[in-house]
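Read the figures in this text as sums done on the coordinates, not as results from a lab. Given the structure is predicted, the values throughout are model-derived calculations rather than measurements. All Cβ positions, glycine included, derive from the backbone under ideal geometry; neighbour counts span all protein chains shown.
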Amino acid sequence: MRDSDLKFFKDMLLERKVQIRKNIDDAMREIESLKDDEVGDEADHASVSTDRMIEQAISAQQSRELGEIDYALSKMQNGGYGLCEMCEEDISFQRLKVKPHARYCIVCREIIEKSANKN
């Protein structure tokens, strides 16, 4: 991978990392404000509870993505970025544009998903 491509993806990853941290912080503030809201009846309580669960699920997913981004950034430093962890072939530029923290090429990703669906 060319240095200019590597810089392009590193910038994408760092920008996404900043956005995720902001999203997580905003979600935590939202959860805190939901805790502070006075709940009138059971329907209000159920609504607040559901909102809180949704915010927590989104934060958990984004925390996982943050870990994947950190892993991709470490692979950049070690020289393994852009290589499929299964077949060791290059991950396509287009795939990395869509998901810059991708660990697998499209073919291997499909294999992993199919085997996961069988279990």
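Counting only residues that are without any contact (Cβ under 8 Å) to a residue 60 or more places away in the chain, closer than 24 Å to Glu15 by Cα and surrounded by 14 or more Cβ atoms within 10 Å (Cβ to Cβ), how many does segment 86-119 have?
8
Being assigned to a helix (DSSP H, G or I) and aliphatic (A, V, I, L, M) is true for just one of Ala57, Ala102. Which residue is that?
Among Ala57, Ala102, only Ala57 is assigned to a helix (DSSP H, G or I) and aliphatic (A, V, I, L, M).
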